Amino acid sequence: MALSEVDTHPPAQVEVHDDPSGLRTRHLASEQTRLLYDQTLAGQVATVTVGLGAGYVLWGEVPHGALLLWLGLLLGGCAFRIGTALRFRRTSAERREEPRWRRLFIAGAAISGTIWGIAGPMLASPASLAHQVFVAFVRGGMAAGAVPFLSAVANAYRAFVIPALVPFALWLILLGDSLHVAMGSLILLFLVLMLISSARIHASVCESLELRFGYDGLIKDLRRTKSKLLLANRDLEDEVEDRRRATETLRESEERFRMLSEATFEGIIIHENGIIRDANQVFADMFDYSLEEVIDRSVLDFTDAESHERALQNIMLRPDEPFELTGRRADGSIFPAEVRGKNLPLGGKSLRVVAVQDITERKWAESRLRDSEQRLSAILNNLQDTLYRTDRDGVLTWISPAVSQLLG
């Protein structure tokens, strides 16, 4: 692949949300560190395997003392990194956010990279091109294999790959001949490509973590919203139930009122500022109207014109006292009526309940009684007999006119 084909544009920047308290930034850094330590064991197993394999291949070509020294350093570095990872896993989640864990990991990566870096002068004989290519191949494989393990934190991969490749590349270039200069230059080019690849993976990891944190935050918001909606729904259900009960109570109350109003012998209306809002059937029958014709009509439509002023005066001056007026039926006929009313404020409205009684029979009875009393009085006044009336105590309460004439 030519260098011109390599996309050297910087990786896409991860959107950073406002984080005044730095809490989100600390969580992101902590999660990056956790990713590094989660892959430490697998990375060190691969390192030990490759190191032992390289030692086996070079055993007959390299002084045993140098090879064993290098293997000891390699195993010691792996042990340090594995021990650090185990301590990290035993640490509480709060203490994992401490920056020292990231520094320890980067230090371990730098130690491992340095150990691989000194392998060139120690293990690659200047006289054996095959072993130099083998050592270069092993280093390149380790550098490429470390990309997914160390890219969660950008400095971790740099701390490993730069000391792992640069010393060996410089050693090859310093050998002076064109072949070794080309090999060293290609290793440096490979280093640049690995750094670019690591930077891209690092950006992808950061973006994924940002999205995950955003998703987690969205889930928490949705859960809070769901809890609020459940509470609101429960309150709404309670309110609906309360309204249902209130509506049922009102319906029963209206039904009882309707039954009472229909059972009475009086006509009953409820009016607002003189406009009838409700009435019972007795009232409608009394005036020869249907119940539908009564509603929303003026109360004055049911009285004789001569009674209008008297009705208004009684309502204004003596609202709770009964009074009489002349009612007018649908056919224009009139009848005497007694009216009793009471103001009834309800729901911010000024209502008035009125009971109307047809007193035609009472008026007829009163007229007959007056006629009878007049006839009786005329008879008594014309009698020549002496008549008188006393109470239980013998006190004289009435005497006939004849007594008055007799006694002078």
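Among 325-338, 84-97, how do they line up from the highest to the lowest mean number of other beta-carbon atoms within 10 Å?
Highest to lowest by the protection proxy: 325-338, 84-97.
5 Å is the cut-off here: which amide hydrogens, built 1.01 Å from N in the peptide plane, fall below it relative to Ile359, excluding neighbours closer than 5 in sequence?
So Ile359 has HN proximity to Ala337, Glu338.
Taking the Cα centre of each part, how many Å lie between segment 130-171 and segment 278-323?
107 Å
Ranked by Cβ crowding within 10 angstrom, fewest neighbours first, how are Arg352, Arg212 ordered?
Ascending Cβ contact count within 10 Å gives the list Arg212, Arg352.
Pulled fully out, how much extra length does the chain show between Ala66 and Asp242, if you take 0.36 nm times their separation in residues and subtract their Cα-Cα distance?
54.4 nm
Which far-off residues, 5 or more places away or on another chain, put their amide H under 5 Å from the one on Asp278, with H placed in the peptide plane?
When sequence neighbours closer than 5 places are left aside, the close amide H contacts are Ile270.
Among Ser367, Ser128, which comes first, second and so on when ranked by fewest other beta-carbon atoms within 10 Å?
Ser367, Ser128
How do Tyr56, Tyr157 line up, fewest other C-beta atoms within 10 Å first?
By the 10 Å Cβ count, ascending: Tyr56, Tyr157.
Read-outs throughout are calculated quantities, based only on the coordinates presented, and are distinct from any laboratory measurement. All figures in this text were calculated on a predicted structure; none of them were measured in a lab. Because the Cβ atoms are built from the backbone with ideal geometry, glycine has one as well, and the counts that use them run over all protein chains shown.
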